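The values are calculated or read from the model by the stated rules, or taken from the named source; none is laboratory data. As the structure is a prediction and not an experimental result, all values here were calculated from the model. Every residue, glycine among them, receives a Cβ derived from its backbone with ideal geometry; neighbour counts consider all protein chains shown. Side chains included, ligands, DNA and RNA excluded: accessible areas come from the protein's heavy atoms. Shrake-Rupley method; radii C 1.70, N 1.55, O 1.52, S 1.80 Å.
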Amino acid sequence: MGSDIKSSYGLGWGFALAFPLIFLVPPVVEFIQHVIEWRLGVFDSVQKAEALSNHPIRLGFGFVKLASLLVVGLWISRYRHSGGDRKIAGKVTGGLFMAFIPVIIVALAWEGAQMAAGPWLSATAIGQIPSIAAGIGLFVLGAVFQVLTAGWRVGVPLRDRRMGFFGSIWKGLRVLPAGLVLYFVVFLPLLVLHTGLNVAMALIGLGPTLWVLFGVDALLVGYIATAVWGVYDAIYRRGLAAAGQEPVTLAA
């Protein structure tokens, strides 16, 4: 477990050096989202940030950001399984990208379902579920989904037919407890930092410091993408190991 955590946190530095332009895709999208939020008035105050949290433009661009985080995974998976070979990792063909589109569609559909479920749970009369409890429940459920589909997300860029959608779920179930622990240990501290930066933006208000925080948070999102993909990769390897199989190694 310790080596998986270390490799997940360490993956971003090498990947950023090997593929700086690919690494910067999510940060650029995140920065644009912050500019859109600034134009909407999200950072005028904490109260306004809360009021605009479900603005359709903001939510819509969130899907664009999620898609960018997933697309980068094509290169991260290949970088990880080629021993850091930039030439091999960079061979992302049009056919490979098309094969990855279902991964993106399913992830976006799941995100949309979670976004719709939150307000619905809070509004239902059954049990008067507090919004914070609904949020925690959806977050945990989302983490389970991440673990169960991790092998699929990593396997498609490697053309690993053993890790199709259903194969990923089956193997993910076999390592679910360890996968959840790994996901929470790596992702939660980064999520807290990301959330803290966004709260700081609303507290600081307009000014030069706000734009600095935009940049810092955008780069953090790029790093989060690599760290979480490192978790996916560890789950992919653990799932295969549980089935007595070896992970794919890419070679020239």
Filter result for residue 89 (under 15 Å from residue 17 (Cα atoms) and among the small types (Gly, Ala, Ser)): yes
Under 7 Å between Cβ atoms, which residue pairs at least 6 apart in sequence (or on different chains) link something in the stretch 227-252 that is farther than 13 Å from residue 81 by Cα with a partner that is acidic (Asp, Glu)? 240/246
Segments classed as helices (runs of 4 or more DSSP H), wholly inside the stretch 1-69, with at least 3 members that are within 18 Å of the chain's Cα centre (by Cα), surrounded by 13 or more Cβ atoms within 10 Å (Cβ to Cβ) and modelled with pLDDT of 90 or more: 2-18, 25-40
Quick one: residue 187 ticks every box in (1) open to solvent by 30 Å² or more (accessible area, probe 1.4 Å); (2) farther than 22 Å from residue 16 by Cα; (3) out of contact with any Phe, Trp or Tyr (no Cβ under 7 Å at 6 or more places or on another chain); (4) not basic (Lys, Arg) bar one, so which box is it? (2)
Any idea which of (1) open to solvent by less than 40 Å² (accessible area, probe 1.4 Å); (2) among the aliphatic types (A, V, I, L, M); (3) modelled with pLDDT under 90 is the one residue 103 doesn't satisfy? (3)
Based on what the data block shows, is residue 218 within 25 Å of residue 7 (Cβ to Cβ), in contact with a Leu (Cβ under 8 Å, 6 or more places away or on another chain) and of a type in the set (Gly, Ala, Ser)? no
Tell me which residues, restricted to the stretch 190-233, are open to solvent by less than 20 Å² (accessible area, probe 1.4 Å) and not aliphatic (A, V, I, L, M). 205, 214, 217, 222, 226, 229, 230, 232, 233
